[in-house]
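**Student:** The structure follows.
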Amino acid sequence: MLYVARHGETEWNKQGIISGRSDIALSGVGYRQAAKLAEEVAQLDKPITRIIHSPLERAYETARIVGEKNQLSLNVDNRLIELDYGDYDGTSDEQEGYLKTRTQFALRYPNGESLMDVYARIVPLLEELEQDQENVYLLVCHNSVIRAIKNYFEPLENDKVFDYRTPNAKLISFDWKNAAVVSKSA
């Protein structure tokens with residue numbers, strides 16, 4: 001079993017500003033969401049044994065709150081960092097160019113990366129974690145990273161990949177038995 005959660009809300013999330021690699025702090029709501037996530041993790045039938053988080057502050061703070069409540073140590077993995085939106089980072093998520101690029105799996109944002117780039121860096125991490133059957137992991141990361149993880153476990157048609165949005169601090173579980181066979185044949 002693998003668990004993933006998006007970080008708690010930030011002010012930029014609330015305002016519709018693209019966060020990407022910008023190191024934005026949690027809002028008051030985000031801290032409350034992280035505390036609620038920590039409670040949810042404490043109630044799991046099969047307890048999480050390890051937390052790995054993105055290097056960005058919003059993911060670290062969410063992971064820290066969950067880790068403290070559940071007496072779990074944290075590890076950072078740079079592969080969990082949010083998609084690099086390049087020139088769109090810190091701007092409105094309503095821009096036509098952003099919205100057009102957002103629906104293309106392999107198209108890179110100007111001076112950034114594509115969802116395919118995220119998928120390419122996340123698959124090796126998932127394959128490493130799948131080999132460790134001793135632990136139950138929680139990955140605290142970002143919406144685009146979770147899109148890539150979801151597609152690894154449940155391959156989606158292109159338009160469904162981009163329609164998939166993860167609410168802040170929502171716990172999602174995946175079963176290793178459902179991992180994409182395609183990745184294992186490479």
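**Student:** In a loop (DSSP other than H, G, I, E, B), open to solvent by less than 40 Å² (accessible area, probe 1.4 Å) and closer than 14 Å to residue 162 by Cα: is that true of residue 72 in this structure?
**Tutor:** For residue 72, the condition - in a loop (DSSP other than H, G, I, E, B), open to solvent by less than 40 Å² (accessible area, probe 1.4 Å) and closer than 14 Å to residue 162 by Cα - is not met.
**Student:** Starting from residues that are more than 18 Å from residue 160 (Cβ to Cβ) and among the charged types (D, E, K, R), keep the ones in the stretch 96-112 and report whichever is nearest to the chain's Cα centre (by Cα).
**Tutor:** This residue is 108.
**Student:** Given the criterion surrounded by 19 or more Cβ atoms within 10 Å (Cβ to Cβ) and more than 25 Å from residue 51 (Cβ to Cβ), identify the matching residue among 152, 137, 109, 119.
**Tutor:** Result of the check over 152, 137, 109, 119: 109.
**Student:** Okay, next question. Looking at 115, 83 in this structure, which one is within 16 Å of residue 147 (Cβ to Cβ), under 17 Å from the mean Cα position of the chain (by Cα) and modelled with pLDDT under 95?
**Tutor:** 115
**Student:** Now a separate question. Looking at the structure I just gave you, is residue 126 outside any strand (DSSP E or B), farther than 18 Å from residue 150 by Cβ and either out of contact with any Asp or Glu (no Cβ under 7 Å at 6 or more places or on another chain) or open to solvent by 40 Å² or more (accessible area, probe 1.4 Å) (or both)?
**Tutor:** No: the conditions fail for residue 126.
**Student:** For the subset of the stretch 156-168 comprising residues that are surrounded by 13 or more Cβ atoms within 10 Å (Cβ to Cβ) and in a loop (DSSP other than H, G, I, E, B), which member is modelled with the highest pLDDT?
**Tutor:** If we take residues in the stretch 156-168 being surrounded by 13 or more Cβ atoms within 10 Å (Cβ to Cβ) and in a loop (DSSP other than H, G, I, E, B), then 168 is modelled with the highest pLDDT.
**Student:** Here's another thing I want to ask about it. Tell me whether the stretch 90-111 contains one or more residues that are among the β-branched types (Val, Ile, Thr), in a helix (DSSP H, G or I) and free of Cβ contacts under 8 Å to residues at least 60 places away in the same chain.
**Tutor:** Scanning the stretch 90-111, I find at least one residue that is among the β-branched types (Val, Ile, Thr), in a helix (DSSP H, G or I) and free of Cβ contacts under 8 Å to residues at least 60 places away in the same chain, so the answer is yes.
**Student:** Ok, one more. I'm trying to understand the selection: among the residues of the stretch 31-51, which are out of contact with any helix residue (DSSP H, G or I) (no Cβ under 7 Å at 6 or more places or on another chain) and crowded, with 21+ Cβ neighbours inside 10 Å?
**Tutor:** The one that is out of contact with any helix residue (DSSP H, G or I) (no Cβ under 7 Å at 6 or more places or on another chain) and crowded, with 21+ Cβ neighbours inside 10 Å: 33.
**Student:** Filter the stretch 55-69 down to residues that are in a helix (DSSP H, G or I) and open to solvent by less than 50 Å² (accessible area, probe 1.4 Å) and give me whichever is nearest to residue 135 (Cα to Cα).
**Tutor:** The extreme case among them is 67.
**Student:** Does residue 146 satisfy the condition of being assigned to a strand (DSSP E or B), under 28 Å from residue 24 (Cα atoms) and either at pLDDT 95 or above or open to solvent by 10 Å² or more (accessible area, probe 1.4 Å) (or both)?
**Tutor:** No, not satisfied.
**Student:** Could you tell me whether the stretch 51-58 includes any residue that is under 19 Å from residue 164 (Cβ atoms) and in contact (Cβ under 8 Å) with a residue 60 or more places away in the chain?
**Tutor:** Looking for residues that are under 19 Å from residue 164 (Cβ atoms) and in contact (Cβ under 8 Å) with a residue 60 or more places away in the chain, one finds at least one in the stretch 51-58, hence yes.
The values are calculated or read from the model by the stated rules, or taken from the named source; none is laboratory data. The shown structure was predicted, so the numbers you read here are calculated from the model rather than taken from an experiment. All Cβ positions, glycine included, derive from the backbone under ideal geometry; neighbour counts span all protein chains shown. Accessible surface is based on the protein model in full, side chains and every heavy atom, while ligands, DNA and RNA are left aside. Shrake-Rupley method; radii C 1.70, N 1.55, O 1.52, S 1.80 Å.
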